[in-house]
Protein chains: 4
Amino acid sequence: MGVIGAGAMGADHIRTIASSVPSARVSAVYDFNRDTAYAAAAPVGADVVGSAEELIESSGVDAVIIASPDRTHAELVRICLAAGKQVLCEKPLAVTADEAYGLVEAEAAGGQRLLQVGFMRRFDPGFVALRRTITDGVVGDVRLVHAIHRNASSSTSTDDAGLITGSMIHELDTVAWLLDDEVASIRVESPIVEGFRDPQLATIWMRGGAMISAEVFVNAGYGYDVRCEVVGSKGTAALSPSAPVSTRVAGVDGVPVRDDFVAHFADAYRIELSTWAGEALTGSTTGPSAWDGYVANAVAEAGVLSLSSGAREPVTLRERPALYA
Amino acid sequence: MGVIGAGAMGADHIRTIASSVPSARVSAVYDFNRDTAYAAAAPVGADVVGSAEELIESSGVDAVIIASPDRTHAELVRICLAAGKQVLCEKPLAVTADEAYGLVEAEAAGGQRLLQVGFMRRFDPGFVALRRTITDGVVGDVRLVHAIHRNASSSTSTDDAGLITGSMIHELDTVAWLLDDEVASIRVESPIVEGFRDPQLATIWMRGGAMISAEVFVNAGYGYDVRCEVVGSKGTAALSPSAPVSTRVAGVDGVPVRDDFVAHFADAYRIELSTWAGEALTGSTTGPSAWDGYVANAVAEAGVLSLSSGAREPVTLRERPALYA
Amino acid sequence: MGVIGAGAMGADHIRTIASSVPSARVSAVYDFNRDTAYAAAAPVGADVVGSAEELIESSGVDAVIIASPDRTHAELVRICLAAGKQVLCEKPLAVTADEAYGLVEAEAAGGQRLLQVGFMRRFDPGFVALRRTITDGVVGDVRLVHAIHRNASSSTSTDDAGLITGSMIHELDTVAWLLDDEVASIRVESPIVEGFRDPQLATIWMRGGAMISAEVFVNAGYGYDVRCEVVGSKGTAALSPSAPVSTRVAGVDGVPVRDDFVAHFADAYRIELSTWAGEALTGSTTGPSAWDGYVANAVAEAGVLSLSSGAREPVTLRERPALYA
Amino acid sequence: MGVIGAGAMGADHIRTIASSVPSARVSAVYDFNRDTAYAAAAPVGADVVGSAEELIESSGVDAVIIASPDRTHAELVRICLAAGKQVLCEKPLAVTADEAYGLVEAEAAGGQRLLQVGFMRRFDPGFVALRRTITDGVVGDVRLVHAIHRNASSSTSTDDAGLITGSMIHELDTVAWLLDDEVASIRVESPIVEGFRDPQLATIWMRGGAMISAEVFVNAGYGYDVRCEVVGSKGTAALSPSAPVSTRVAGVDGVPVRDDFVAHFADAYRIELSTWAGEALTGSTTGPSAWDGYVANAVAEAGVLSLSSGAREPVTLRERPALYA
């Protein structure tokens, strides 16, 4: 494996592969900042290479993980596809839906899936159990989903559009996957009318009829929190927040709330990497595809438009290549 | 006290007063169905009278509780006001906002508060504690409120508008009281586009800037459930659902969900009646006023309009008499 | 009603009767400290009388509540019985089992139940639901009960024996009532071997075969807490701790723990007083009897003995008069 | 790695190493039942060998996992020690404390730690967090621990002594590790006096003064459950039971209880194997030692004795070799 981008996310992936993914080994690391690359590569005995292109084209690299800044994703994925290398690209796949669709076309032209997008929630034990609960018919027909996504304070998502394309994009992918459905239209609003519009409240209509209410709040203050309740005709199912230990001290019976999404989703990242590595080496990845990445970008664009227009904006998708049928 | 309407709600009030409200005694009961009236009156030694008017005008009745069908509320309240009798009227105060405003004017003309509207949640220990948590500044500035209101199956609310005026009206009053603010506009939507539009999802804008997301679902299947989470700049506060006993049996660790709102809000009804009775006998009620009842009707009308128009509808209120300043 | 002892407990009873028990009125109050008596009596319009005897014998007093210091209970109950007055005596009924048995004999001689002991947990909605869950067979045959009883800091129970006779006595009565069984033997131990032996851990054998593990800790630091889990052949049932509001602030998702047992059991006290008042006025109380009070004293004595001896001590009861069959 | 015993536990270890432990590879498997061995070995490409001795002495095996029946543990460990091979032996280390002490002496004679005992709870994120909470001083000085260990139905532990040596032995090791203390004495009792004495209630005294109350119930009916609450001078800390999803259906708000301890402790087993593998290959294991295994056996023996004698039995330990200082 080669890893491009050795910041917080990339370095964590490198550690996770070394500690928990027997089928893979990180052999090469690239980061714009050479010290950062060395710090992540050294403990696992990987080489630091001089450029992303060199890493991708190296014969010692069977598969590539892209964890560099968002604006570089599309171009790096394009190089991987051209080189025929399996690639796991952190979300978002691209900055615009058009750019993402270019990657869909490029991969489809090759006739083989090489690309997986890092929507790690699809591997989270909680979300997986929630999806199975729906599939098993426990809640009946789904009518509504209430999704909540909060950070203690904004880090990556620091402007109105970035909150949608950087944070809410997880919900946009998650609800489609949870309900096995597509987003038909979206409206995004905020109680904040001047300055950074945070929190944002999205209302989403699925083609199958369900509605979604999603709150994303990147300055929620108290910690990192992801919640999801699915409301059906027979009952509801919800992620059950967990903490290892509860304490009763000084008049409070409480559990800690993490303030770090990497720790919160540690299992999801481990299972994502382990599953992807196993599949990538046999050339048959089945996780979130280029098409899923494009769709999330397209829905996010409609969301950004809605935040300005105040209207419910339809999501129109371009043709879906047979590869993603 | 005289009680008009001895159905489920009225009969429960009669029992509650007899068992838990030392300052009051039910002396007269009227119900359209004479047998119903006797069944409720006999155990507490109250008289059954021949008409609502007779009850209101009886010298043995210091204060009146109206728990008859919704469409009769406004006229009965009007007679109480004319007779100078204290009256606790179940929600909604009237069928239309205009009708409700007529009562506001009638009471204001008398220069004295005689009317309280049965928004019993304002007396519920959970909602009271939630309001105090906000007032104490625990969550910082309120940005969002997520409210949920579910019944196992529809009983009173059986059409699109009735769901708003009969069930959601509780949320419409609650959020204004919780945040000490007024509703500026409302949008009501539903994932159901044909037939009974249930559940409904309301988005509400408060004049002070907070937004509310409220789900009302009167055929939720699993039971009666009321939830509320307030999201602020420093953290969140939520009603903490409670059950007396949890069991672990046959692979499930669970608590029962009631399917009965009277049992769910038993404490709220008891405290409401006890507080009102104490105040009514001294002529100084401080609970939800005619104005609050009118405002809830006005917001509900905007909600009903929005459900048809699909648009965010503003709430315009008529002049607020000084009595309700 | 007359109330003897207007300290925290007595004053609370006076307020509860005035606010929530329509069938009763407090007409007379006595306290060793005359100012204390006035402070509690004045708000409800009751008279302050010069002695407990005077209160009991007053023709204006139909029933007596004893909330004076523990050592005075037995003598005051004796006077009530002699006067033929209904009496609700706070626990413990007496300081020794012998003394309590004297009251059993005295009441039995009169052939009529006049005395109820203030084991208010039998009226607590949580414990009542827990008992019904057992009776309904939900957990199968009961094997074990885990009981926990904690105070933030010791107030009344300040020595080794007092912890048993003042605090643990609640568990001693509760388990017998919950399981409809009698305590056969008891062992009480403590991790503290020098100084105040707090917490104490009791192991209790019921005649029917179940075992109880009960922790009483009167300096638990964090607050007031009462827990109980019943373990049966098919599953378990437990009190479900409740709080009106939960908050997520500063990295903690928590609910408050009360530090006041009066607030914790407010519902239990209200229902106890209301039920007792209703029954006492018709001369037919059915709550915890003199016999129950004697049994609790006898078990507590065995517990105190065990704490010294280190052995499992049998509970031997004297003859049970037919009145308590 | 070589694995001896490919039943449920051994097969799970083989799968876990293949899927999640990059530093190790299972190269050889032995099971008394050859088909069982093949079924576990084939998917990971390991060889099936003809005897446990052959496996241990194979030059292709750097470290051995023993997951064969309990009575074979001691002899197999002895062979591993003689061969100088690192070994992870499932609990219990031996059938008797004497036998276990023989292994302590054998390892100590070699002057190097080669043996780790499979007390996997020491690697469970919940127990690790609970221990850190204690160490951090959050609960103050520990006074009591309440431990609960329940199986849906008895599988391995099917007689009175086996319940202690097979199931309760986890609690016996856990409390010593949690409190960094030693068991001084133990008493084991049961509400069941004839037939299989299940559940059992142990009272344990630590040398440092804390007391433990531990319930082990291997026919609890409803599922697999492990709970632990630590009570200190300032507050309490407890394992916080978790489930991925909660549902509200048909009047119950609940979460599933697993009935499988392997699934319950999946993370613990993964981290145990990963940590041990990493250390074993460098010859420096730091997990539960031969001494810990011996101590657990010695405490279990005192427990078995107590179950018959009814008395509190002291735990006397033989000399602790310097290797385990």
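Provide an ascending nm list, one decimal, of label-point separations from A:Asn33 to the equivalent residue in each further copy; define each label point as 7 Å from Cα along Cα→Cβ.
Ordered by increasing distance: 5.6, 6.6, 7.5 nm.
Quick one: label points 7 angstrom along Cα→Cβ at A:Val95, distances to the other copies in nm, smallest first?
Distances to the matching label points in the other copies: 6.1, 7.3, 8.6 nm.
Among A:Ala214, A:Ser154, A:Ser246, which residue has its Cα furthest toward the positive end of the charge dipole of the range A:122-261, with +1 on Lys/Arg Cβ and -1 on Asp/Glu Cβ?
A:Ser246
So if I place +1 on the C-beta of Lys and Arg and -1 on the C-beta of Asp and Glu, and nothing else carries charge, what would the dipole magnitude of the protein assembly as shown be about its Cα centre? I want it in debye, nearest 20.
0
At most 16 other C-beta atoms within 10 Å and a DSSP loop state: those are the exposed GluC sites (Glu not before Pro) I care about. Give me the longest piece of chain A that has none.
The longest such stretch corresponds to A:1-181.
³J(HN,Hα) across the range A:224-238 via Karplus (A = 6.51, B = -1.76, C = 1.60, θ = phi - 60°), whole Hz, x for Gly/Pro?
Result, ordered by residue: 8, 8, 10, 10, 7, 10, 9, 10, x, 6, 10, x, 10, 9, 9 Hz.
What nm distance separates the two modelled labels at C:Thr135 and D:Ser242, each placed 7 Å from Cα along Cα→Cβ?
My value for the distance between the label points is 4.0 nm.
At 222 nm, what helix-only mean residue ellipticity would chain D give, in deg cm²/dmol to the nearest 500, using -39500 (n - 2.57) for each DSSP H run of four or more?
Only helices count here, giving -10500 deg cm²/dmol.
Using a Gaussian network for chain A with springs between C-alpha atoms less than 10 Å apart, which of these wobbles most: A:Ser58, A:Ser246, A:Ser185?
Between A:Ser58, A:Ser246, A:Ser185, it is A:Ser246 that shows the largest mean-square fluctuation.
Is there a simple number for the mean count of other chain Cβ atoms within 10 Å of the Cβ of residues in D:22-33, and what is it?
1
Would you kindly calculate the translational diffusion coefficient of chain D, applying Stokes-Einstein with the Kirkwood radius from alpha carbon pairs, for 25 °C and a viscosity of 0.890 mPa s, and quote it in µm² s⁻¹ without decimals?
120
Going by a ≥ b ≥ c, the root eigenvalues of the Cα gyration tensor, does the range B:154-281 fall in the rounded group (a/c under 1.5), the prolate group (a/b larger than b/c) or the oblate group?
In terms of gyration-tensor shape, rounded.
Go through D:Tyr324, D:Val230, D:Val49 and say which Cα lies farthest out towards the positive end of the charge dipole of chain D; charges sit on Cβ, +1 for Lys and Arg, -1 for Asp and Glu.
Most positive-ward Cα: D:Val230.
Taking a ≥ b ≥ c as the square roots of the Cα gyration tensor eigenvalues, with a/c under 1.5 meaning rounded and otherwise prolate when a/b beats b/c, else oblate, which class fits the protein assembly as shown?
oblate
Rounded to whole Å, give me the distance from the Cα center of the range D:256-323 to that of the range A:176-222.
Between the Cα centres of the range D:256-323 and the range A:176-222 lies a distance of 50 Å.
Hey, can you rank B:61-69, A:121-129 by average C-beta count inside 10 Å, highest first?
B:61-69, A:121-129
How many nanometers, to one decimal and shortest first, lie between the label point of C:Thr135 and those of its other copies, if labels sit 7 Å from Cα toward Cβ?
List, nearest first: 4.0, 4.6, 5.0 nm.
Using a basic spin-label model with each label point 7 Å from the Cα along Cα→Cβ, how many nm lie between B:Asp267 and B:Ala42?
The modelled label-to-label distance comes out at 3.4 nm.
Averaged across C:265-276, how many Cβ atoms of other chains sit within 10 Å of each residue's Cβ atom?
Across C:265-276, the average partner-chain Cβ count within 10 Å equals 1.
Please find, among residues of chain B, the one with the beta carbon closest to the rotation axis relating it to chain D, distance in whole Å.
Nearest Cβ to that rotation axis, in whole Å: B:Gly254, 1.
Other chains near A:237-243: what is the mean number of their Cβ atoms within 10 Å of each residue's Cβ?
Mean inter-chain Cβ contacts per residue within 10 Å come to 6.
So, with +1 on the Cβ of K and R and -1 on the Cβ of D and E, and no other charges, what is the size of the charge dipole of chain C about its Cα centre, to the nearest 20 debye?
Dipole of chain C, to the nearest 20 debye: 740 debye.
Kindly state, to the nearest 0.05, the FRET efficiency for D:Asn33 paired with A:Asp260, given R0 = 56 Å and r defined as their beta-carbon distance.
Once the sixth-power term is evaluated, E becomes 0.75.
Taking the range A:166-214, which trypsin sites (Lys or Arg not before Pro) meet the DSSP loop condition and have no more than 14 other C-beta atoms within 10 Å?
Answer by residue number: A:Arg207.
With +1 on each Lys and Arg Cβ and -1 on each Asp and Glu Cβ, how big is the dipole of the range A:122-261 about its Cα centre, in debye rounded to the nearest 20?
400
Would you list the P(r) distribution for the range A:119-194, with all Cα-Cα distances sorted into 10 Å bins from 0 and each bin expressed as a whole %?
14, 45, 30, 10, 0
Given the Cα atoms of the range D:282-325, and with Rh set as the inverse mean 1/r over their pairs in the Kirkwood sense, what is Rg to Rh to two decimals?
The Rg/Rh ratio comes out at 1.13.
In the range C:110-171, with Lys and Arg counted as +1 and Asp and Glu as -1 at Cβ, which of these residues, C:Val117, C:Leu163, C:Leu144, has the Cα nearest the positive end of the dipole, that is, farthest along it?
Value computed over the given set: C:Val117.
Determine the relative contact order of chain D: mean sequence separation of Cα pairs under 8 Å and six or more apart, normalised by residue count, in whole percent.
Averaging sequence separation for qualifying contacts and normalising by length gives 21 percent for chain D.
Hey, how much of the P(r) for the range B:15-164 falls beyond 22 Å, as a percent of Cα pairs?
I get 54 percent for the Cα pairs in the range B:15-164 exceeding 22 Å.
Any lysines with Cα under 30 Å of the A:Lys91 Cα? List them, leaving off those in the same chain fewer than 8 positions away.
B:Lys234
Which trypsin sites (Lys or Arg not before Pro) in the range C:219-325 sit in a loop by DSSP (not H, G, I, E or B) and have at most 14 other Cβ atoms within 10 Å of their own Cβ?
Sites meeting the loop and neighbour criteria: C:Arg318.
Classify the range A:154-222 as rounded, prolate or oblate from the Cα gyration tensor: take a ≥ b ≥ c as the square roots of its eigenvalues, call it rounded if a/c is under 1.5, otherwise prolate when a/b beats b/c and oblate if not.
Judged from the Cα gyration tensor, the range A:154-222 comes out prolate (a/c at least 1.5, a/b above b/c).
FYI, it's all coordinate maths here, none of it is from the lab. Note that the structure is predicted; figures quoted are calculated from it, not measured. Glycine also receives a Cβ, built like all others from the backbone with ideal geometry; neighbour counts cover every protein chain displayed.
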